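One structure below.
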Amino acid sequence: MPEMTYTEERKTQLINQYEEIKAMIDAEHSIIDVSLLAVSKLKPASDIQVLYDHGVREFGENYVQELMEKAELLPKDIKWHFIGGLQTNKCKDLAKIPNLYCVETIDSLKKAHKLNEARGKFQPDAPAILCDIQINTSKEDQKSGLFEQEEIFKVIEFFQSEEAKHIKLNGLMTIGSWNTSHEDDDKENEDFAVLSNWKNQIDAKFNTNLKLSMGMSADYKQAIKQGSSEVRIGTDIFGVRPPKNEAKII
């Protein structure tokens with residue numbers, strides 16, 4: 001396994017940017033604990049190693065192949081979050097990663113079944129994978145996520161069934177529409193309000209206490225005000241990403 005090396009300059013830059021974001025999140029004085037998920041997609045493993053050496057343990061990745069390669073190279077106590085679009089045929093590959101901690105983009109009953117089945121087959125002794133149901137709060141055609149009550153409830157019922165031994169319902173996740181996310185920080189974000197309403201409805205019906213994963217670089221302050229448990233920050237920590245075809249793992 002190659003040793004992850006990085007320059008002092010990059011180390012200083014990344015730690016400063018991470019701590020700056022962390023301080024801004026802490027300054028929002030949320031009534032709940034808000035975790036910062038460092039989104040490392042298309043960034044080299046050495047960048048993740050910098051923050052790991054600084055004490056960070058949770059990282060978000062968008063592409064299955066990239067996550068598999070990084071998980072092989074990097075320390076095994078990292079808690080990986082998969083936050084990209086989930087394809088049914090990739091559930092098997094994801095489930096093989098022993099320290100896959102959370103899949104935030106469950107958007108169908110079929111995918112929940114597949115992930116549970118594959119985890120049971122390939123990593124039966126690993127902890128159950130935490131899962132968020134992705135809700136399409138803006139109902140945009142190009143976005144993944146559920147928005148019909150019947151479908152959402154069916155997925156939750158599966159999580160609460162005896163069969164779902166290898167996955168565990170954690171919360172709800174959304175990506176706000178571009179326009180809503182770039183409005184004034186002081187204005188309520190309609191998409192986040194929709195997700196919050198879904199949480200209230202589901203918690204009341206199913207006796208759950210779901211977490212909310214909402215908010216990225218452009219809109220995380222508003223997300224925290226509206227009850228987010230986790231914000232997903234990439235560019236503000238790691239800098240501008242390269243095009244996918246130019247990204248390097250090492």
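Being farther than 20 Å from E58 by Cα and out of contact with any Leu (no Cβ under 8 Å at 6 or more places or on another chain) is the filter here, so list the residues in region 73-116 that pass it.
Result: Q87, T88, N89, K90, K92, L109, K110, A112, H113, K114, N116.
Could you list, in sequence order, the residues of region 58-85 that are closer than 17 Å to T105 by Cα, assigned to a loop (DSSP other than H, G, I, E, B) and open to solvent by less than 10 Å² (accessible area, probe 1.4 Å)?
Passing the criteria: only G84.
Surrounded by fewer than 20 Cβ atoms within 10 Å (Cβ to Cβ), in contact (Cβ under 8 Å) with a residue 12 or more places away in the chain and of a type in the set (A, V, I, L, M, F, W, C), is that true of I15?
Yes, satisfied.
Output the residues belonging to region 86-95 that are over 16 Å from the mean Cα position of the chain (by Cα) and crowded, with 19+ Cβ neighbours inside 10 Å.
Of everything in region 86-95, just one residue is over 16 Å from the mean Cα position of the chain (by Cα) and crowded, with 19+ Cβ neighbours inside 10 Å, namely K90.
Name the pairs: first residue in region 224-250 and on the phi > 0 side of the Ramachandran plot and of a type in the set (S, T, Y), second residue at pLDDT below 95 and open to solvent by less than 60 Å² (accessible area, probe 1.4 Å), Cβ to Cβ under 8 Å, at least 6 apart or on different chains?
Cβ pairs passing all conditions: none.
Mind checking which residues of region 16-64 are at positive phi and out of contact with any Lys or Arg (no Cβ under 9 Å at 6 or more places or on another chain)?
Scanning region 16-64 gives H29, G55.
With the checklist (1) at pLDDT below 95; (2) open to solvent by 70 Å² or more (accessible area, probe 1.4 Å); (3) within 19 Å of the chain's Cα centre (by Cα) in hand, flag the one item I25 doesn't pass.
So the condition that I25 fails would be (2).
For S177, all conditions in the list (1) modelled with pLDDT of 95 or more; (2) more than 20 Å from Y101 (Cα to Cα); (3) of a type in the set (S, T, Y) hold save one; what is the number of the exception?
Condition not satisfied by S177: (1).
All but one of (1) in contact (Cβ under 8 Å) with a residue 40 or more places away in the chain; (2) open to solvent by 50 Å² or more (accessible area, probe 1.4 Å); (3) polar (S, T, N, Q) hold for T208; state the number of the condition that does not hold.
Result: T208 passes all but (2).
I106 - would you say it is open to solvent by less than 50 Å² (accessible area, probe 1.4 Å), under 22 Å from L195 (Cα atoms) and among the aliphatic types (A, V, I, L, M)?
Yes; evaluated as a whole, the condition is true for this residue.
Between K187, K154, K165, which is modelled with pLDDT under 95 and either surrounded by fewer than 23 Cβ atoms within 10 Å (Cβ to Cβ) or of a type in the set (D, E, K, R) (or both)?
K187
Could you tell me which residue of region 205-238 is nearest to S40 (Cα to Cα), considering only residues that are modelled with pLDDT of 95 or more and basic (K, R)?
Top of the filtered list is R232.
Restricting to region 218-228, what's the tally of residues that are polar (S, T, N, Q) and surrounded by 21 or more Cβ atoms within 10 Å (Cβ to Cβ)?
2
On the basis of being farther than 28 Å from I249 by Cα and at pLDDT 95 or above, does I133 make the cut?
yes
The values are calculated or read from the model by the stated rules, or taken from the named source; none is laboratory data. Just so we're clear, the structure is a prediction, and the values are computed from it rather than from any experiment. As a convention, Cβ positions derive from the backbone with ideal geometry for all residues, glycine included, and neighbour counts pool all protein chains shown. Surface accessibility is based on the protein's heavy atoms, side chains included, excluding ligands, DNA and RNA. Shrake-Rupley method; radii C 1.70, N 1.55, O 1.52, S 1.80 Å.
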